[in-house]
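The values are calculated or read from the model by the stated rules, or taken from the named source; none is laboratory data. Being a predicted model, the structure only gives us computed values, none of them experimental. We place every Cβ from the backbone using ideal geometry, glycine too, and count neighbours over all the protein chains shown.
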Amino acid sequence: MLEQHLAVLPIILPLIAAPLALILGRSIFSWGFATLVSGLAFLLSWQLLAAALSDGVLSYAVGGWAPPWGIELRVDAANAFVLLAVTAISTLVLVYSKHSIEKEVKAANHSLFYTAHLLCLAGLSGILITGDAFNLFVFLEISSLATYTLVSLASDRRCLTAAFRYLVMGTIGATFILIGVGLLYMKTGTLNMLDLAERIDLYDSSRTINTGLAFIMVGVSIKLALFPLHMWLPPAYTHAPSAVTAFLASTATKVAVYVMIRFIFTVFGIDHVFVDMGMGLILMALAVVAIFKCSYMATVQSNVKTVLAYSSVAQIGYLVLGLSLVSVSGLMASMIHIFNHALMKGALFMAVGAVFYRVGSVDIKDFAGLGRKMPLTMAAFTIAGLSIIGVPLTVGFVSKWYLVIAALEQDQWLVAALVLVGSLFAVIYIGRIIEAAYFQKLPESRSSENIKEVSWLMLVPMWVLVIANIYFGIDTSLTTEAANSASEWLFQTNSMLENKVMEGEVLEGHAIEEKAQEVSS
Amino acid sequence: MDFLDIVSSILLLAGVFFGFSGAVGLFRFPDFFTRIHAASVTDSIAAILIIGALLLQTSFDLNTAKLVFILLFLMVTSPTASHALAKSARHGGLLTLAETRPQDKQGSAK
Amino acid sequence: MSFILDYYNYWVVVFLMMAGFYIVISANNLVKKIVGLNIFQTSVFMLYISMGKVSGGTAPIVVEGVTQYSNPLPHVLILTAIVVGVATTAVGLALIVRIKRAYGTVEENEFDNKDDVI
Amino acid sequence: MTDILAAACIAILVVMAIALVRAFKAPTVYDRVLGVNMFGTKTVLFIAASGFLMGRPDFLDIAIVYALINFIGMVAVLRFFEYTSPIE
Amino acid sequence: MAEFIDLVLLAMLALTALRIIFLKDLFAVVMLFGIYSFLSALIFLNLDAVDVAFTEASVGAGISTVLMLVTLAITGRKEKQSTHSSLLPLFVVLVTGAALIYGTLDMPPFGHPDNPVHQHVAPRYIEESPKEVGLPNMVTSVLASYRGFDTLGETVVVFSAVIGVLSLLGVRRKKKKDLESGLESHRVLHVVAKIIIPLVILFALYVQFHGDFGPGGGFQAGVIAAAAFILYALILGLPKAFAVVGPRFLQWMAAAGVLLYASVGLYSMYMGGHFLDYNQLATDPVAGQHYGIIIIELGVGVTVFAVMLNIFYAFGSQAERSNVQ
């Protein structure tokens, strides 16, 4: 029973849990319930990854209607891997959020907070798993609406304008995706991604398809905050409640990157996107500019959350850079970095949230002397910060290593050098904060305040991520294996897809076969 | 074209005529209260005539019931809306033409 | 001429979309931004519905003696999208109400001045 | 009969267009509302007539919705006038 | 004829959109937006999308416009002169528009029955759905059965909207009878409302249960029922509406609708099918489809009704608060 429905469960579990969390009403109950559900979703996605690694691909026809008529869920190594990271972070953040939320969100809204969190989780899982282009839009909107709500729950009034800006940008992005999907549908008559991939190539030179591709790319770029379209991200991350920032920074943009990967590799095909349209160069240029511009911006901010938000935009540059290299190793570097960056940023924002919990604001000057007052929090911050910089024995090093290797493989010396130079900026912006924490004295005005370490409920999830930062930095087998099979899988489907074009109508038969199988089972 | 069709056409054209005259009244009358008068009265008569014409086209089924429902609904809501709007305009301080003309000031006492 | 007849619908729809998009990105008042967003989305819906139309077809509800129906799939997609649109509008307007309470204005440049922009 | 229905539909469209012009440019805010209201009721008639023209009169449900929404819109506008001073 | 009407309506739409760009009076903008919605619903109707027209008229012209008016009552209705230049937006829009026009050049011609859209997936819906699902309204079949997962997502989107609005605005239960009056001075409206509201609710029920055969369904019915209560609240005041259906109860109802929908899916999993496989609900697959669709439409209707009304309550109580201050 469980194996049969493994693909759909990570979506519907939080989806059904969300209204229940609202009905529970009391803060403590909905917290416990949400954490439990998220933990279950994590276990399920672990199973799902194992199944995907052994069986290749799991297809699930919702409603029993065979694709392309019904909605198909498709799990492969790639999205199972990202899903694992998302559910893991979600569970840890939920554990962490109990105290953090008590401080930052007013009591009447607590159960609404957990409901919105579960909705966001359901939306993100849906985006990852679905194999239907329009269904993706629906889940994108579920997660986005929940995100706007989560961002606006903070007590500072600036979160409202940040959330509004996010809402306008996000809706424009979603509408662009809707336009793009519509154009594709117009030319192909189908919405199923696999089926789309088949039929798009029949109209290779079509201007309509190319416009659709462009609109989907721009829409997704808004959602993932690619460089010139990132303006919504820093205010949203800065003013959202800390737990929300920790969750969003390590999941939402990653999921958007996955959507981009999925559209490029399994729908349009790399030949079309990179060779015919020349998107590779555009993406690479934007990524490099993002790394430099936003790393620089991060060094001049005074609010630590803003620093980390700009750093996130820069890290998105690394992600996009990897996939713009168009090679198995480049894609693998991106996949690894999706996972690793989730670990780093999750830990960093949790540490910052802990500081906010005790100190009440997170300017760099407020970090002065915290190394003594909150040793565990600041140690976590330091290790995760080193990981961002890319110091060996941390996951950050692994990501950079694979990225540089992938660049060198293609003789892109300049790109490899730029990646390394980008790290120097990270040294500066992380260094400023660590310097304040350890080498500056606690200001006199604060010495009377009772600043002490936060409770274990906040420390444990933070340290789980920190230890994961080190563990996966040393034992890279799990991440590299999963990322490798994910990216090989993506390239394989891509080449399969290109072969099918030669053979013409093969998929029609394939689809019919699948349908027959389902009827008999 | 049988008898019902002819009656129906006549009603339809009459309804359209009243609709037009209301629309013209919307522009040609001098103040708001006369304009709303023109609009609301013709609105009602046009609705009666046009829906009456369509009623003759049906063969006493669900559509007839729906048309009757629409007609009743419009009969109730359209004058109500006009009345409430005029009242609201009056409370909001809008004056009739007679009141705005200085020489008629003494005549404007309510 | 047939070229125009084939495409005029799409062109007007594109114009409408861009009018809405322009309002979103140029308006300074937040309520107007939301209105623009709605116009933008509604026009995209028209794009979808236009492609579902079959000349000479009729609405996809089975009637005796009709064989040519318009495509029901875009209708289904747009029903969903309309709901998504109104959900976004509601949340956006709620944010505007809160912004008015917090800042006393709903003009973008005015509340920007009231906070130090990050 | 079809010709007359078609003519009536076009005529109602013209009336709608005139009402639209009033909604675009009105001397007072009440005139604007009046134009919108007239537009709404004429739309109801248009849908009813065009349903018969297209041979699918079972879509009168939509005309009912229009009539209902038009009325609610009017009431909402009246309520709105209680909050703000409507004179421009 | 259809093409001609289409052209006229499109022209009106274009003019309305242009007028909205240049208007500074936000009240007029919202009024014109209502017209825009009405017109686009007419276009949908003219292009055979009856269900969409239904929804757009009730949601776009109804709910959205009412919410915008309430917001304007709080924020004021004059747009101030913008200070930043409008050249950059114009440039962005021109580029985007040019890209789209470029995209239209390879589009299949409008309305042609040989277009890919009408050749690939849709024929099965048109030919088989009356047999497989057993409903004359194909839109309902596709919406509730073939793409039932989308519709579950749609219901959850609506649910997320109410979560967002409630967390932002909340619903105050404090009764301020002396301040809150509704449209007290409009006696005629009171009488008319009492006649109309039961009829509207009756119509909503008709739409809910007739959606399988004609235009309509859970979503439209929920909106219309909510519209009836909104009318009640507008005319008689929020406290009286609270006395009929309270916000707490609505919150519970919204959750219940989603759960009802999802439970159909879970039950079909329990019966050995896939999620939302209505064939498993009865021994006869077509009967199973029918049961499934009726229940999930009910779930959608309940959620949408509760959410729309609760959102209105939230906005309405805010407007009253601003009126008091």
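Quick rundown of the values:
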| read-out | value |
| --- | --- |
| Qualifying positions in the stretch A:104-138 - basic (Lys, Arg) and buried (at least 24 other Cβ atoms within 10 Å of the Cβ) | none |
| Boolean, residue C:96 is assigned to a helix (DSSP H, G or I), more than 22 Å from residue A:180 (Cα to Cα) and within 8 Å of chain E (Cβ to nearest Cβ) | yes |
| Tabulated pairs, the stretch B:43-69, first at negative phi, second not in a helix (DSSP H, G or I), C-beta under 8 angstrom, 6+ apart or interchain | B:57/D:1; B:64/B:58; B:67/B:58 |
| Any hit, the stretch A:331-341, residues being hydrophobic (A, V, I, L, M, F, W, C) and either farther than 30 Å from residue A:490 by Cα or free of Cβ contacts under 8 Å to residues at least 60 places away in the same chain (or both) | no |
| Search result, residues across the stretch C:21-33 that are at the interface with chain E (Cβ under 7 Å from one of its Cβ atoms) and either among the hydroxyl-bearing types (Ser, Thr, Tyr) or part of a helix (DSSP H, G or I) (or both) | C:21, C:22, C:23, C:25, C:26, C:31, C:32 |
| Residues located in the stretch B:58-90, provided they are in a helix (DSSP H, G or I) and more than 7 Å from every other protein chain (Cβ to nearest Cβ) | B:62, B:64, B:65, B:68, B:71, B:72, B:75, B:79, B:82, B:86, B:90 |
| Residue in the stretch A:181-191 that is buried (at least 24 other Cβ atoms within 10 Å of the Cβ), more than 8 Å from chain E (Cβ to nearest Cβ), under 19 Å from residue E:159 (Cα atoms) and in contact (Cβ under 8 Å) with a residue 40 or more places away in the chain present | no |
| Among the candidates A:93, A:57, A:62, residue that is more than 14 Å from chain E (Cβ to nearest Cβ) and under 28 Å from residue C:77 (Cα atoms) | A:57 |
| Set A:306, A:253, A:238: member being away from chain C (no Cβ under 13 Å), touching a residue at least 60 places away in the same chain (Cβ under 8 Å) and not acidic (Asp, Glu) | A:253 |
| Scope the stretch C:61-93; condition facing chain E (nearest Cβ under 7 Å) and either touching a residue at least 24 places away in the same chain (Cβ under 8 Å) or more than 30 Å from residue E:114 (Cβ to Cβ) (or both); matching residues | C:75, C:78, C:82, C:83, C:84, C:86, C:87, C:89, C:90, C:91, C:93 |
| Pairs where the first residue, in the stretch B:6-32, is touching a residue at least 60 places away in the same chain (Cβ under 8 Å) and part of a helix (DSSP H, G or I) and the second is crowded, with 16+ Cβ neighbours inside 10 Å and aliphatic (A, V, I, L, M), C-beta under 7 Å, 6+ apart | B:32/B:89; B:32/B:94 |
| Residue check, residue E:198 assigned to a helix (DSSP H, G or I), away from every other protein chain (no Cβ under 11 Å) and at pLDDT below 90 | no |
| Residue A:52 farther than 27 Å from residue A:487 by Cα, surrounded by 24 or more Cβ atoms within 10 Å (Cβ to Cβ) and either at pLDDT 90 or above or under 22 Å from the mean Cα position of the chain (by Cα) (or both) | no |
| Verdict on residue D:61 being in contact with a His (Cβ under 9 Å, 6 or more places away or on another chain), in a helix (DSSP H, G or I) and farther than 27 Å from residue E:70 by Cβ | yes |
| Given (1) touching a Leu at 6+ places or on another chain (Cβ under 8 Å); (2) surrounded by 22 or more Cβ atoms within 10 Å (Cβ to Cβ), index of the condition residue A:277 fails | (2) |
| Any hit, the stretch A:141-158, residues being in contact with a Phe, Trp or Tyr (Cβ under 9 Å, 6 or more places away or on another chain), small (Gly, Ala, Ser), more than 10 Å from chain E (Cβ to nearest Cβ) and outside any loop (DSSP other than H, G, I, E, B) | no |
| Some residue of the stretch D:41-49 being modelled with pLDDT of 90 or more, farther than 23 Å from residue C:59 by Cα and more than 7 Å from every other protein chain (Cβ to nearest Cβ) | no |
| Within the stretch E:231-325, helices (runs of 4 or more DSSP H) holding 3 or more residues that are within 9 Å of another protein chain (Cβ to nearest Cβ) and at pLDDT 90 or above | E:247-270, E:285-324 |
| Criterion (within 7 Å of chain E (Cβ to nearest Cβ) and either in a helix (DSSP H, G or I) or buried (at least 24 other Cβ atoms within 10 Å of the Cβ) (or both)) met by exactly one of D:73, D:35 | D:73 |
| Failed criterion for residue E:115 (all others in (1) touching a strand residue (DSSP E or B) at 6+ places or on another chain (Cβ under 8 Å); (2) free of Cβ contacts under 8 Å to residues at least 60 places away in the same chain hold) | (1) |
| Check on residue C:58, at the interface with chain E (Cβ under 7 Å from one of its Cβ atoms) and closer than 29 Å to residue E:152 by Cα | yes |
| Residue, farthest from the chain's Cα centre (by Cα), within the stretch E:116-150, restricted to residues that are within 7 Å of another protein chain (Cβ to nearest Cβ) and not in a helix (DSSP H, G or I) | E:120 |
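Here's the yes/no breakdown for (1) at pLDDT below 90; (2) buried (at least 22 other Cβ atoms within 10 Å of the Cβ); (3) small (Gly, Ala, Ser); (4) at negative phi:
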position: C:47; (1), (2), (3), (4): no, yes, no, yes
position: C:52; (1), (2), (3), (4): yes, yes, yes, yes
position: C:62; (1), (2), (3), (4): yes, no, no, yes
position: C:67; (1), (2), (3), (4): yes, no, no, yes
position: C:74; (1), (2), (3), (4): no, yes, no, yes
position: C:78; (1), (2), (3), (4): no, yes, no, yes
position: C:81; (1), (2), (3), (4): no, yes, yes, yes
